[in-house]
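The values are calculated or read from the model by the stated rules, or taken from the named source; none is laboratory data. On a predicted model such as this, the values are computed, not experimentally measured, just so you know. Heads up, the Cβs are rebuilt from the backbone with ideal geometry, glycines too, and the neighbour counts pull from every protein chain shown.
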Amino acid sequence: MSQSTSALIEARGLTKKYGEHVALDHVNFTVERGRVVGLIGPNGAGKTTAMRAILGLTTYEGDLRVVGREPLRERAKLMIDVAFIADVAVLPQWLRVDQAVDFLAGVHPRFRRERALGLLAKTRIAHKQRIRDLSKGMKTQVHLALTMAIDARLLVLDEPTVGLDLIARRGFYDALVNDYLDETRTILITTHQVEEVEKLLTDILFIDRGRIVLDSSVERLAGTFAAIAVSAEQLDAARSEKPFFEQRTPGKTVLYFEHPDLSRLASLGQIHTPSVADLFVAKLTGGAR
Amino acid sequence: MSTFFWLIRREFWENRAFWLVPSSISVLLILAALFGRVDLRIVTSAAQTTAFGGMLLGVFGVAFLLVMSLYSTWYLVDCLYAERRDGSILFWKSLPVTDTAAVLAKLATALIVIPLVYFIAADITTLLIAFILSLRAGALVEGSFWHADLWLQLQVTWLYLIITIAIWYLPVAAWLMLISAWAKRSVTLWALLVPLAAHWAARAFFGTNVIGNQIMDRLVGFAARAFHLRADGARWPELPGNVAGLFNPGGFLTSPATWIGVAVGIALILCTIRIRSRSAEI
């Protein structure tokens, strides 16, 4: 592996087919060190397939390097540097919390027991409890505590909060921000709930029908995309600037532009940078035309 | 090596039946020895009491062995299917543990660890029962259980059984694991149907029973391979005479069937590892 490059994930022509169905279609992307990347797409867009490939859980075509390794061939070594939470339901039901800590301390060279115990101490979970006796939210707390106690170079979260209520979802991301996230951490998150990760992200990857439809840092979005709310009278003038998506709201229509001529738009109304969530909807419904 | 230790230890956490089942048998047998009716008037001579002692220990041993075989079979069928069914395989695969280590740990659990647990349980049980019966029956059986020689032979028999069973049944265990790692449902059905279908196909299309015979031989041919069992002089040796004289390690280890089985077993285990490394879910 090359230590010189700061890319933790490099995918070139990443492709995955299930029979006739193409789940990933020659996908290219890079995840750099210190970034928090959201892989965002609707259900069935290929997010989970991409994750499975990155984590060495499935076969794929194309070139894929994760922390300098080939995921499928070197999964066990990969997992020294990469931690992941695939779904809330994956901790074994019969496992006790203290057993989980013991096991990880036994098999994982980067696992720090003291840190795990410290994180668990912030919750109301008893060490002798079995996973099956915990609520969904508590299971997630355990899994997150175990995962954050690993000194990983890359953390992958695949739909980590699916099936959780609002309080538990907030708790999950609060814990992640307060106890884990700093500028040295690299995280790849997949989700279809854009709003809840929007504030964390430094980069976004929109994926739709097996293709990356947008790959950008969040800072760069402001220079690339603009939205403008116009009244009915100015709609035609605004439309001539070729918006890629229109959204009707009471009394106004919001138009979305990519690489717009801001000086000409400015006369039509108030320009703002669309939120990631709005952009997601705009890009995936508008981009499909 | 420490990873392997933790993988085995985790099997004990998951399957509390490992020790619950043998200890239940122990408790039942000990209760029977404590409160059952003991009538040993048929045993009169010293030679008879020793033979009786040896026989009793043998019967207990067989009881443990039977339950162990059933349990191990169930464990093998379930071990790689359960982790896919509940999705926990995604947790195990998030750790730096190779699929090879994971599969081999489960194989070793079934073929070595579970038998050792039953061995220890049977040992403790027979010791306690021998003690209880000696006290209850008094002079009648006094001394019949307490031959160092008898004990030693019991240990040697268990160890010989554990090793030879592990070798002979390796392909069966590997087959069950392969299906457990592969099947999307009905693991037991697949495990039984595929060999049956292979047998029927061989008979229907090639008019040969060779597959069926091989499978039957693998399932029931163990005792004939590992022990001197001859129909002609079916004479049970005097107990606590020479049990080890029944062992046939030379014949067992030089039989081609033994090593063909080992080769098939290794091939099936390699397939199992490959399947587990490529498919995380059902």
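Within segment B:81-104, the set of residues being within 7 Å of chain A (Cβ to nearest Cβ), within 20 Å of A:THR48 (Cβ to Cβ) and not aliphatic (A, V, I, L, M) comprises B:ASP86, B:GLY87, B:SER88, B:PHE91, B:LYS93, B:SER94. Within segment B:182-200, being surrounded by 16 or more Cβ atoms within 10 Å (Cβ to Cβ) and in a helix (DSSP H, G or I) holds for B:TRP182, B:VAL187, B:THR188, B:TRP190, B:ALA191, B:PRO195, B:HIS199. Highlighted here are the strands (runs of 3 or more DSSP E) found entirely within segment A:2-86 that include at least 2 residues which are of a type in the set (D, E, K, R) and at pLDDT 90 or above: A:7-18, A:21-32, A:61-66. The criterion of at least 2 residues that are of a type outside the set (A, V, I, L, M), surrounded by fewer than 19 Cβ atoms within 10 Å (Cβ to Cβ) and over 20 Å from the mean Cα position of the chain (by Cα) is met, among helices (runs of 4 or more DSSP H) falling completely within segment B:45-110, by B:46-85.
Yes/no matrix, rows are residues, columns are (1) free of Cβ contacts under 8 Å to residues at least 24 places away in the same chain; (2) away from chain B (no Cβ under 14 Å):
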{"site": "A:VAL27", "(1), (2)": "no, yes"}
{"site": "A:LEU39", "(1), (2)": "no, yes"}
{"site": "A:ILE54", "(1), (2)": "no, no"}
{"site": "A:ARG73", "(1), (2)": "yes, no"}
{"site": "A:PHE84", "(1), (2)": "no, no"}
{"site": "A:ASP102", "(1), (2)": "yes, no"}
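Among residues that are of a type outside the set (A, V, I, L, M) and farther than 29 Å from B:ARG274 by Cβ, B:ARG203 is included. Of the residues in segment A:205-221, none is assigned to a helix (DSSP H, G or I), in contact (Cβ under 8 Å) with a residue 24 or more places away in the chain and either surrounded by fewer than 16 Cβ atoms within 10 Å (Cβ to Cβ) or at positive phi (or both). Scanning segment A:234-286 for residues that are of a type in the set (A, V, I, L, M), in a strand (DSSP E or B) and crowded, with 17+ Cβ neighbours inside 10 Å yields A:VAL254, A:LEU255.
Starting from residues that are part of a helix (DSSP H, G or I) and closer than 19 Å to B:ALA82 by Cα, keep the ones in segment A:87-98 and report whichever is farthest from the other protein chains (Cβ to nearest Cβ). Per the stated criteria, the residue is A:VAL88. Provide a single number: the residues in segment A:107-131 that are surrounded by fewer than 16 Cβ atoms within 10 Å (Cβ to Cβ), facing another protein chain (nearest Cβ under 9 Å) and in a helix (DSSP H, G or I). Counting residues in segment A:107-131 that are surrounded by fewer than 16 Cβ atoms within 10 Å (Cβ to Cβ), facing another protein chain (nearest Cβ under 9 Å) and in a helix (DSSP H, G or I) gives 0.
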